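The values are calculated or read from the model by the stated rules, or taken from the named source; none is laboratory data. What you are looking at is a predicted structure, and each value in this text was computed from that prediction instead of being measured. Counting neighbours? That spans all protein chains shown, and the Cβs are built from the backbone with ideal geometry, glycine included.
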Amino acid sequence: MAQSFDVQPLDASFGAVVTGLRLPDLDRPSWQALHEAWLEYALLVFPGQFLKKDEQIAFARRFGALEFEMGAVSNVREDGTLRLEAEGDDVVKILKGNEGWHADSTFKPIAAKGAVFSAEIVPTVGGHTGWADMRAAYEALDEATRERIAPLRAYHSLHYSQKRIGHVPKAGTDDYRRLGFAGDENVLRPLVKIHPDTGRKSLLIGRHAHDIPGLSPAESEALLQELIDFACQPPRLYHHDWRAGDVVVWDNRCLLHQATPFDMTQPRVMWHTRIAGDPVSEAAVG
Ligand code: OGA
Ligand code: MN
């Protein structure tokens, strides 16, 4: 018997809030029902789960192999002090970079499948996370734009996207490696992605995308910005106002996401478990 849980769709083209279950206690039929809901809604929000680290990792593993187990997305150092923007801290620059719409690990040879993301400490104002539905965005494009972008590809690079916000990371440091700069291979990806599980098409864009071959740099930048501006609008948007203990799982294969600003004199501690993409369907071109 599947455990019954409640799935309340968000007021958007995607996403649902799931209550009435404890994630560590999911039996197999419930897991299967939850996985179906994930493929349909692309973002599931589980308020008040307060998962322990091993519980978060175990839940994420049900979706597949992990790219990494538990990454702190945080402005707090291990010694408890706050990282300050004025100090030019590489981690803070990455947090600021996250405010641009993006999908995770698209600049690596294999992009991410998704993420389990949880809130441990939240600031009193701001620090929400937003998602945007790239399936609904693709479907909302006019026919001429769909035809124009069908054959196009773009390079994806973290060095590119961070440089655009004025950040050139300090090479050779632990943060350089941990934050993904060492894994940046500036790979080529199509602008239209087919979801490996649902077959639905979606726009594959975001801040890491640049320099569409066949277009001038200016044309490319204009088109990519135009697509983001069009795509990331209601009813394709949801921003989550976190409470400590909340957990979400998103499908990185068809959503973009963004951080939003917060008062950095307050701590914000989030935990990111990244689910690895399929080596075939999330592989870069070539
Ligand atoms: C991430 C990310 C957004 C946030 O962890 O990949 O983009 O709100 N986080 O912290
Ligand atoms: Mn991200």
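Here are some notes:
- The residue pairs whose first member lies in segment 20-49 and is within 23 Å of ALA244 (Cα to Cα), whose second member is modelled with pLDDT under 95 and not in a strand (DSSP E or B), and whose beta carbons are closer than 8 Å, counting only pairs six or more residues apart or on different chains, are GLY20/SER4; LEU21/GLN3; ASP25/GLN3; LEU26/GLN3.
- Among the residues making up segment 270-286, those that are away from ligand 2 (no atom under 14 Å from the Cβ) and surrounded by fewer than 21 Cβ atoms within 10 Å (Cβ to Cβ) are ALA276, ASP278, PRO279, VAL280, SER281, ALA283, ALA284, VAL285, GLY286.
- Subset of segment 8-50 (residues that are among the β-branched types (Val, Ile, Thr) and surrounded by fewer than 16 Cβ atoms within 10 Å (Cβ to Cβ)): THR19
- Count - residues of segment 61-82 that are free of Cβ contacts under 8 Å to residues at least 12 places away in the same chain and in a loop (DSSP other than H, G, I, E, B): 5
- Flag for GLN233 being at pLDDT 95 or above and either under 13 Å from the mean Cα position of the chain (by Cα) or within 12 Å of ligand 2 (Cβ to nearest atom) (or both): no
- Leading residue by the ranking (nearest to GLY97 (Cα to Cα)) among those in segment 192-213 that are surrounded by 22 or more Cβ atoms within 10 Å (Cβ to Cβ) and of a type in the set (A, V, I, L, M, F, W, C): ALA209
- Residue within segment 72-87 that is among the aliphatic types (A, V, I, L, M), within 16 Å of ligand 2 (Cβ to nearest atom) and closer than 13 Å to THR273 by Cα present: yes
- Scanning segment 236-269 for residues that are within 14 Å of ligand 2 (Cβ to nearest atom) and either of a type in the set (Asp, Glu) or touching a Lys or Arg at 6+ places or on another chain (Cβ under 7 Å) (or both) yields ASP251, ASN252, ARG253.
- Only one of the listed residues (ALA42, ALA65, ALA119) is modelled with pLDDT of 95 or more and touching a helix residue (DSSP H, G or I) at 6+ places or on another chain (Cβ under 8 Å). That residue is ALA42.
- The set of residues in segment 98-140 being under 18 Å from the mean Cα position of the chain (by Cα), surrounded by fewer than 22 Cβ atoms within 10 Å (Cβ to Cβ) and part of a helix (DSSP H, G or I) consists of ALA136 alone.
- Restricting attention to segment 245-278, the residues being part of a strand (DSSP E or B) and over 30 Å from VAL192 (Cβ atoms) number 5.
- Selection status of GLU40, in contact with a Ser or Thr (Cβ under 9 Å, 6 or more places away or on another chain) and in a helix (DSSP H, G or I): yes
- Selection of first residues in segment 116-131 that are on the phi > 0 side of the Ramachandran plot and of second residues that are surrounded by fewer than 17 Cβ atoms within 10 Å (Cβ to Cβ), restricted to Cβ pairs under 6 Å at least 6 apart or on distinct chains, gives the following pairs, ordered by first then second residue: GLY126/THR260; GLY126/PRO261.
- Extreme residue, nearest to ARG61 (Cα to Cα), among residues of segment 251-266 that are within 13 Å of ligand 1 (Cβ to nearest atom) and not aliphatic (A, V, I, L, M): ASN252
- Residues located in segment 214-227, provided they are surrounded by fewer than 18 Cβ atoms within 10 Å (Cβ to Cβ) and closer than 19 Å to LEU158 by Cβ: PRO217, GLU221, GLN225
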